[in-house]
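Report on the following structure.
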C-alpha cells in the first residue's frame, strides 16, 4: 500500500480553509486539466 499526501493547493505548507476555497471556486468554474486545485490527479477539479 502507498498514499500521496495532498490538499495544499496554495502551496504554503498548511491545509486550511483557503485551500478549500480555491478548490470550491475552481470546481464552480468547471476547471479541468493540470491545475493546482485538482488534488487527486484526475484532471477534473471537484470538491
Legend entry - Some residue of the range 20-30 being free of Cβ contacts under 8 Å to residues at least 40 places away in the same chain, more than 8 Å from the chain's Cα centre (by Cα) and assigned to a loop (DSSP other than H, G, I, E, B): yes
Inset, instruction - Tell me, yes or no, whether the range 4-19 has at least one residue that is without any contact (Cβ under 8 Å) to a residue 60 or more places away in the chain, surrounded by 15 or more Cβ atoms within 10 Å (Cβ to Cβ) and either assigned to a helix (DSSP H, G or I) or touching a strand residue (DSSP E or B) at 6+ places or on another chain (Cβ under 7 Å) (or both). - result: yes
Legend entry - Meets criteria (out of contact with any helix residue (DSSP H, G or I) (no Cβ under 6 Å at 6 or more places or on another chain), without any contact (Cβ under 8 Å) to a residue 24 or more places away in the chain, at positive phi and surrounded by fewer than 10 Cβ atoms within 10 Å (Cβ to Cβ)) for residue 33: yes
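No value in this document is a laboratory result; all are computed from the given coordinates. Everything quoted here is computed from the prediction, not taken from an experiment. Every residue, glycine as well, gets a Cβ built from its backbone with ideal geometry; the counts of neighbours run over all protein chains shown.
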